[in-house]
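Q: So that we are looking at the same thing, I have put the structure below in C-alpha cells.
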Amino acid sequence: MTPKFSQNPQPLSLRRNFSWTFVGNLVYAGCQWGMLVVLAKLGTPEMVGHFTLGLAVTAPVILFSNLNLRAIQATDAKQQYCFADYLGLRLLTTILSLLVIAGLTVAGGYNGETAQVILIIGLAKSIESISDVFYGLLQQHEQMDRIAKSMIVKGLLSLIALGIGVYLTKSIVWGAIALTLAWLLILLSYDISSGKLIAASQRKPRWDIAKLMKLAGVGLPLGFVMMLISLNTNIPRYFIEQTLGHRELGIFAAIGYLQVTGTTVVSALGQSASPRLARYYATKDILMFRNLLLKLVGIGAVLGVTGVVMAMVAGQQILTLLYKPEYAQHADIFVWLMVSAGIGYIASFLGYGMTAAQYYRTQLPLFILVTGVIAVSSFYLIEPYKLQGAALVFAIGAIAQLIGSLAVVIYAVLINTHTKKA
C-alpha cells in the first residue's frame, strides 16, 4: 500500500486540492456519520450515546494536545520549523493526552462498558493524531490528494470494521477495538510512507528540547482554542448525558451529525485555501486575501441556507429514512441545529482567515468567551427545555463565535493595510 510518487512533488492547483480534499473529507465524514447509522440500526440509542460520550470525553483532550500543529505546519510559509520538530512534539503530547484521558475516566466515575469505550476511543484518536502530523506535512506542500486517499481508505475501513465488530459481538466495545485497529493499519501502511517520501531526511522525530518548547509555545494558544471549540460542541452533550441520559444523548448526536455535508465542504475549502491565504497575508497582498476570504464566507452562507430549507421541508422524512421513527419525533431540533450550523460555517471560514494571518493568541480569549456563553446557556436551557434547549444553545454559541471572529478578521485586515502603507 506504499504510495507511488516522486520526492519534492510540485504543488497542485487550488482547484485540484479542493476537489481532492472535498472528496476525501466527504467520504471520511460520511463514514463517520455511517458509524452512527450502523449503531442506530444494529443497536440502540443507548449504544449511540455511549459512543458519543466516548468522543465527547476524549476529543477536548486530544485536540488540546495536538496544539493544532497541522495548521501551523500548513501556514509556516517561512519554514521556521522542520517536520522532525512537529513529529517529535506530537509524539510527546500524544502520550500525555492518553494519561490525561485515563485520569479523567477515573475521576469522572465512569466504569464498566462506558470506561472501556472512553479508553479505546482515546487510543484510536491518539493514532489519528499521529496521522494528522503527516497530513500537515502534505498540506504544507499542497499535496491534498494524498491526504484524501488516506482519509477515503481509512473512513471506509473503519466503517466496515466497526460494523462487523458490532454485528458479530453486539458490543460497542469490540466495535471500538476494530475501529482502532483499522486506523493503526492506515497509519503504518500509508501515512508514514507518504511523509517519508516528502521529508526523507527528517523521517525520525528530533528531540531538540529548546526547539520543541518554542514550537509548543507557538501552538499552545491554538491548542487551547481547539480544546475550547471541542468543548463548545460537547458541553451541551455533557449536560444532556447528566440530566437526560444516554438515550437522549444518542438521539441528539445522531441528528446533529447531519451537518456533515456542510462541514465537509467548509473543511475542504478552508484547508485547501489556508496556505494561499497565509501567503497573501504574509506578502501583504491584502486585496487577494480579502477577496478569497469573502468567497469562502459566501459559500458558507449558501450552505447554511440550503441546510435550513432542507430540514424545514423534509426533516421528518430524512430522519425516519436514515435512522428510526423515534428520531423523527425531533424534527424541530433538526431545524435549529441546521440554523446553528449555517452560522458556524461562516464563523469557521473566518477562523481559517485568523489562523492564516497568524492571529493565534487572539483566538484564545474569543473562544473562552464563546465557551462561557455555551456553558451558561446549557445550564439554564437544557434541563427545563431538554433537547430543544440544547439545540438553541448551539445557535447562541455560533452567533457569539461569528461576531467575535468577524471583529478579529477586520482588525487583522486593517492592521496589515496600515503597515503596508507605512
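Q: For the subset of the stretch 400-414 comprising residues that are without any contact (Cβ under 8 Å) to a residue 24 or more places away in the chain and either β-branched (Val, Ile, Thr) or in contact with an Asp or Glu (Cβ under 9 Å, 6 or more places away or on another chain) (or both), which member is surrounded by the most Cβ atoms within 10 Å (Cβ to Cβ)?
A: ILE403
Q: Also, quick follow-up: Of the numbered conditions (1) at pLDDT 90 or above; (2) closer than 30 Å to ILE368 by Cα; (3) surrounded by fewer than 23 Cβ atoms within 10 Å (Cβ to Cβ), VAL260 satisfies every one except a single condition; which is it?
A: Failed condition: (1).
Conditions (1) at positive phi; (2) among the basic types (Lys, Arg); (3) crowded, with 22+ Cβ neighbours inside 10 Å; (4) part of a helix (DSSP H, G or I), marked per residue:
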{"position": "LEU181", "(1), (2), (3), (4)": "no, no, no, yes"}
{"position": "LEU184", "(1), (2), (3), (4)": "no, no, no, yes"}
{"position": "SER189", "(1), (2), (3), (4)": "no, no, no, yes"}
{"position": "LYS204", "(1), (2), (3), (4)": "no, yes, no, no"}
{"position": "GLY217", "(1), (2), (3), (4)": "no, no, no, yes"}
{"position": "ASN232", "(1), (2), (3), (4)": "no, no, yes, yes"}
{"position": "PRO236", "(1), (2), (3), (4)": "no, no, yes, yes"}
{"position": "ILE251", "(1), (2), (3), (4)": "no, no, yes, yes"}
{"position": "ILE255", "(1), (2), (3), (4)": "no, no, yes, yes"}
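Q: Does LEU228 count as surrounded by 18 or more Cβ atoms within 10 Å (Cβ to Cβ), assigned to a helix (DSSP H, G or I), at pLDDT 85 or above and under 16 Å from the mean Cα position of the chain (by Cα)?
A: Numbers: surrounded by 18 or more Cβ atoms within 10 Å (Cβ to Cβ): yes; assigned to a helix (DSSP H, G or I): yes; at pLDDT 85 or above: yes; under 16 Å from the mean Cα position of the chain (by Cα): yes.
For LEU228, the condition - surrounded by 18 or more Cβ atoms within 10 Å (Cβ to Cβ), assigned to a helix (DSSP H, G or I), at pLDDT 85 or above and under 16 Å from the mean Cα position of the chain (by Cα) - is met.
Q: Another question, then. From the residues in the stretch 42-81 that are among the β-branched types (Val, Ile, Thr) and over 21 Å from GLU248 (Cβ atoms), which one is modelled with the lowest pLDDT?
A: So in the stretch 42-81, the residues among the β-branched types (Val, Ile, Thr) come out as 44, 48, 52, 57-58, 61-62, 72, 75.
From the residues that got through so far, the ones that are over 21 Å from GLU248 (Cβ atoms) too are 61-62, 72, 75.
On the way: VAL61: 95, ILE62: 95, ILE72: 84, THR75: 73.
Ranking the candidates gives THR75 first.
Q: From the list LEU69, LEU91, LEU55, LEU98, exactly one residue is touching a helix residue (DSSP H, G or I) at 6+ places or on another chain (Cβ under 8 Å), within 30 Å of TYR281 (Cβ to Cβ) and among the hydrophobic types (A, V, I, L, M, F, W, C). Which is it?
A: On the way: LEU91 fails: within 30 Å of TYR281 (Cβ to Cβ); LEU55 fails: within 30 Å of TYR281 (Cβ to Cβ); LEU98 fails: within 30 Å of TYR281 (Cβ to Cβ).
After applying the criteria, what remains is LEU69.
Q: Right, next: Is there a residue in the stretch 166-179 that is of a type in the set (D, E, K, R) and surrounded by 23 or more Cβ atoms within 10 Å (Cβ to Cβ)?
A: Of the residues in the stretch 166-179, the ones of a type in the set (D, E, K, R) are 170.
With surrounded by 23 or more Cβ atoms within 10 Å (Cβ to Cβ) added as a condition, the list becomes none.
Checking the stretch 166-179: not a single residue is of a type in the set (D, E, K, R) and surrounded by 23 or more Cβ atoms within 10 Å (Cβ to Cβ).
Q: Just to verify a result, which residue in the stretch 390-422, among those that are of a type outside the set (D, E, K, R) and farther than 21 Å from ILE368 by Cα, is modelled with the lowest pLDDT?
A: By that ranking, first place goes to ALA422.
Q: If you don't mind, another one. Out of (1) of a type outside the set (S, T, N, Q); (2) assigned to a helix (DSSP H, G or I); (3) on the phi > 0 side of the Ramachandran plot, what's the single condition that is false for GLU142?
A: It fails just one condition, (2).
Q: Moving to a separate point now. Given the criteria outside any helix (DSSP H, G or I), more than 18 Å from VAL308 (Cβ to Cβ) and not aliphatic (A, V, I, L, M), does GLN358 qualify?
A: Working: outside any helix (DSSP H, G or I): yes; more than 18 Å from VAL308 (Cβ to Cβ): yes; not aliphatic (A, V, I, L, M): yes.
Criteria met by GLN358.
Q: Yes or no: the stretch 326-345 includes at least one residue that is outside any helix (DSSP H, G or I) and surrounded by fewer than 21 Cβ atoms within 10 Å (Cβ to Cβ). Outline the logic, then answer.
A: Quick first cut of the stretch 326-345, residues outside any helix (DSSP H, G or I) only: 329-330.
Cutting the leftovers down to surrounded by fewer than 21 Cβ atoms within 10 Å (Cβ to Cβ) gives us 329.
Yes: the stretch 326-345 contains one or more residues that are outside any helix (DSSP H, G or I) and surrounded by fewer than 21 Cβ atoms within 10 Å (Cβ to Cβ).
Q: Being crowded, with 17+ Cβ neighbours inside 10 Å, among the small types (Gly, Ala, Ser), closer than 20 Å to VAL27 by Cα and touching an Asp or Glu at 6+ places or on another chain (Cβ under 9 Å), is that true of even one residue in the stretch 314-322?
A: Looking for residues that are crowded, with 17+ Cβ neighbours inside 10 Å, among the small types (Gly, Ala, Ser), closer than 20 Å to VAL27 by Cα and touching an Asp or Glu at 6+ places or on another chain (Cβ under 9 Å), one finds none in the stretch 314-322, hence no.
Q: Follow-up question, since we're still on this one. Considering the stretch 280-311 alone, what residues qualify as being charged (D, E, K, R), in contact (Cβ under 8 Å) with a residue 40 or more places away in the chain and under 17 Å from ILE346 (Cα atoms)? Walk me through how you get there before you give the answer.
A: Applying the first criterion (charged (D, E, K, R)) to the stretch 280-311 yields 284-285, 290, 295.
With in contact (Cβ under 8 Å) with a residue 40 or more places away in the chain added as a condition, the list becomes 284, 290.
Result: ARG290, single match.
Q: Also, quick follow-up: Output the number of residues of the stretch 365-393 satisfying the condition of being farther than 23 Å from TRP336 by Cβ and surrounded by 17 or more Cβ atoms within 10 Å (Cβ to Cβ). Working first, answer last.
A: Within the stretch 365-393, the subset farther than 23 Å from TRP336 by Cβ is 365-366, 368.
Then drop every residue that is not surrounded by 17 or more Cβ atoms within 10 Å (Cβ to Cβ), which leaves 366.
Count: 1.
Q: Same structure again: Could you run through the stretch 312-321 and say how many residues are touching a residue at least 60 places away in the same chain (Cβ under 8 Å) and touching a helix residue (DSSP H, G or I) at 6+ places or on another chain (Cβ under 6 Å)?
A: Keep residues of the stretch 312-321 that are touching a residue at least 60 places away in the same chain (Cβ under 8 Å), which gives 318-319.
Now restrict to residues that are touching a helix residue (DSSP H, G or I) at 6+ places or on another chain (Cβ under 6 Å): 319.
The number of residues fulfilling the criteria is 1.
Residue by residue, here is whether (1) buried (at least 19 other Cβ atoms within 10 Å of the Cβ); (2) of a type outside the set (Gly, Ala, Ser); (3) not in a helix (DSSP H, G or I) holds:
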{"residue": "VAL23", "(1), (2), (3)": "no, yes, no"}
{"residue": "PHE51", "(1), (2), (3)": "yes, yes, no"}
{"residue": "VAL61", "(1), (2), (3)": "yes, yes, no"}
{"residue": "ALA84", "(1), (2), (3)": "no, no, no"}
{"residue": "LEU104", "(1), (2), (3)": "no, yes, no"}
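Q: Hey, LEU138 hits all of (1) closer than 23 Å to ALA84 by Cα; (2) surrounded by fewer than 20 Cβ atoms within 10 Å (Cβ to Cβ); (3) among the hydrophobic types (A, V, I, L, M, F, W, C) but one; which does it fall short on?
A: With respect to (1) closer than 23 Å to ALA84 by Cα; (2) surrounded by fewer than 20 Cβ atoms within 10 Å (Cβ to Cβ); (3) among the hydrophobic types (A, V, I, L, M, F, W, C), LEU138 is out only on (2).
Q: Ok, one more. Looking at LEU181, LEU220 in this structure, which one is modelled with pLDDT under 95 and aliphatic (A, V, I, L, M)? Don't jump to the end; show me each part of the working.
A: Details: LEU181 fails: modelled with pLDDT under 95.
Every option except LEU220 fails the conditions.
Q: Any residue in the stretch 152-170 that is farther than 25 Å from GLY195 by Cα, in contact with a His (Cβ under 9 Å, 6 or more places away or on another chain), of a type outside the set (Asp, Glu) and assigned to a helix (DSSP H, G or I)?
A: no
The values are calculated or read from the model by the stated rules, or taken from the named source; none is laboratory data. What you are looking at is a predicted structure, and each value in this text was computed from that prediction instead of being measured. Cβ coordinates were reconstructed from backbone atoms using ideal geometry, including for glycine residues, and neighbour counts include every protein chain displayed.
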